[in-house]
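Participant: Can you keep this structure in mind? I'll have questions shortly.
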Amino acid sequence: MAHKLKSKDLRKLNINSDKIISIALVILNKHYKHNTNEERIEVIKDIIENPEKYIDDPVLSKIAHEFYEPIEEDNSVIALNEREVELNVFGRPLIKANAYQQMKTAMKLPVVEKAAMMPDSHLGYGLPIGGVLAVDNAVIPFAIGMDIGCRMSLTIYDVTERFFKMHEHKFKQSIINNTAFGISKIVGFKQEHEFLDRDVFHSTPLLKRLKSKAARQLGSSGSGNHFVEWGIVEMEDDEVAGVSAGTYIGLLAHSGSRGFGASIAKHYSDLAKGQSRLPYNMRHLAWLDMDHDDGAEYWESMNLAGDFASACHDQIHKNVAKEMGLVPLTKIENHHNFAWKEMVDGNERIVHRKGSTPAGKDVLGIIPGSMTDPGFIVKGLGNEASINSASHGAGRKCSRKETISKTTNSEMRKKLKQQNVHLIGGALDESPYAYKSLSQVMSFQNELVTTIGKFTPRIVRMDRAK
């Protein structure tokens, strides 16, 4: 007859609960009385390691329940999309795999209904630059980005290229005197704009707090790829643009909502991350429900940030042109890093454009190249496959770090000289070699936009990276 199993045998297995020891001894000594102690020990070891195997066992389930810890379904993590969402990619040969995969990850969000990628697409934060998402009744702060409402604006003046060459030094000085670039940089004179008088600044504590920041930063530009530049405009005759065919002088600017917009983006992105409960690798894609207060507040704040970016452009163009005594013929403006309520396939969606621009039927826009390469003035064709969108530029082919390692300041200066461009500021990480060929990018957009003009840079001012 086999010896009975004793409590000291179970304590050797690090079972220290008197309750578990008592249950195990009764069951094993009764139902496994013909087994050796070694065999009984092996049974209890297996129960400890794999309790789920014995949960329904008619004899051993009582022991198994003492070791079994059910894996509770984590209701805090949102289930991702399993259905296939339509993604239309324009210029796939120009888009790196990491940007494409980043878009595919974003499309797993259960609120996404349709997506598109523009040929200038490259890796971003949360969503690739050049990505477009159509979302159902929700807004994703990081799919819009930190620089809310970043835009291109082109003012065309009816003066000749000859006039420009005669007064090139004055054109250069007009930018130096009336623009400011970089973090915390402001223009050195007082400005006024109706934007600062709006009652909406009293609608939330955040906006009330940010009003003074907006007032300080009005008319200034950010760092990175933001610029203000004089150049030559060649226009075709176009009724929508309202400009006759000919050659003009243009002032082109690219900048956004500065620290004002960045503060809004960070505040509401943090709120969204606390509410959407996405897997860690997707946390930047957290959204706010448009039917909830936070979503409504962000929407109001986002639109205000977009208006602030537009106000900054108003002041840049006004201040620079005033010094030259120029009267504008027309202004063309479009923006990215924004969300719009639009009809997509018959349903209202929140269309997020991260580094891509609206290209609805006859919508005007500017798609710039690099600091040396010409950009294009375009008119949208309203292509539903692209969610009525087009690229916002040439798009980076190299990261800032790669650009610095692959080229030199001497090579950049040589390129500037070849293209007859005078650069004020501007660092190596914004070298023309950092960007894709805009001609190639445009070749993949024939179904998205039609070209009605060209802008060739001549005097370019940018921030100088430290």
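The values are calculated or read from the model by the stated rules, or taken from the named source; none is laboratory data. Worth saying up front: this structure is predicted, and the values here are computed from it rather than measured. Methodologically, a virtual Cβ is constructed for each residue, glycine included, from the backbone with ideal geometry; neighbour enumeration extends over all protein chains shown.
Participant: I'd like to check which helices (runs of 4 or more DSSP H) are fully inside region 368-466 and have at least 1 residues that are under 19 Å from H122 (Cα atoms).
Facilitator: Answer list for region 368-466: 400-406, 438-443.
Participant: Pairs, please: C-beta under 7 Å, at least 6 apart or cross-chain, first residue of a type in the set (K, R) and in region 174-197, second surrounded by 13 or more Cβ atoms within 10 Å (Cβ to Cβ)?
Facilitator: Matching pairs, first to second residue: K185/S220.
Participant: Also, quick follow-up: Would you point out which residue out of D294, D307 is surrounded by fewer than 23 Cβ atoms within 10 Å (Cβ to Cβ), part of a helix (DSSP H, G or I) and without any contact (Cβ under 8 Å) to a residue 40 or more places away in the chain?
Facilitator: Working: D307 fails: without any contact (Cβ under 8 Å) to a residue 40 or more places away in the chain.
The unique qualifying residue is D294.
For (1) at pLDDT 95 or above; (2) at positive phi; (3) surrounded by fewer than 18 Cβ atoms within 10 Å (Cβ to Cβ), each residue gets a yes or a no:
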{"site": "L154", "(1), (2), (3)": "yes, no, no"}
{"site": "S184", "(1), (2), (3)": "no, yes, yes"}
{"site": "F189", "(1), (2), (3)": "no, no, yes"}
{"site": "R198", "(1), (2), (3)": "yes, no, yes"}
{"site": "V243", "(1), (2), (3)": "no, no, no"}
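Participant: Given the residues H317, H254, H284, which is the only one that is assigned by TED's automatic domain parsing to the domain that holds G188, surrounded by 21 or more Cβ atoms within 10 Å (Cβ to Cβ) and part of a helix (DSSP H, G or I)?
Facilitator: H317
Participant: Kindly list the number of the only condition in (1) touching a Leu at 6+ places or on another chain (Cβ under 7 Å); (2) surrounded by fewer than 19 Cβ atoms within 10 Å (Cβ to Cβ) that fails for S439.
Facilitator: Single failed check for S439: (1).
Participant: If I filter region 324-335 for residues that are part of a strand (DSSP E or B), in contact with a Gly (Cβ under 6 Å, 6 or more places away or on another chain), surrounded by fewer than 17 Cβ atoms within 10 Å (Cβ to Cβ) and of a type in the set (S, T, N, Q), do I get at least one hit?
Facilitator: yes
Participant: Looking only at region 97-116, decide whether some residue is acidic (D, E), farther than 23 Å from K341 by Cβ and surrounded by 15 or more Cβ atoms within 10 Å (Cβ to Cβ).
Facilitator: At the first step, the residues of region 97-116 found to be acidic (D, E) are 113.
Subsequent filtering for residues that are farther than 23 Å from K341 by Cβ retains none.
Looking through region 97-116, none of the residues is acidic (D, E), farther than 23 Å from K341 by Cβ and surrounded by 15 or more Cβ atoms within 10 Å (Cβ to Cβ).
Participant: Does L210 satisfy the criteria of being crowded, with 18+ Cβ neighbours inside 10 Å and more than 30 Å from A434 (Cα to Cα)?
Facilitator: For L210, the condition - crowded, with 18+ Cβ neighbours inside 10 Å and more than 30 Å from A434 (Cα to Cα) - is met.
Participant: For residues that are β-branched (V, I, T) and under 20 Å from the mean Cα position of the chain (by Cα), tally how many sit in region 366-390.
Facilitator: Total satisfying the criteria: 3.
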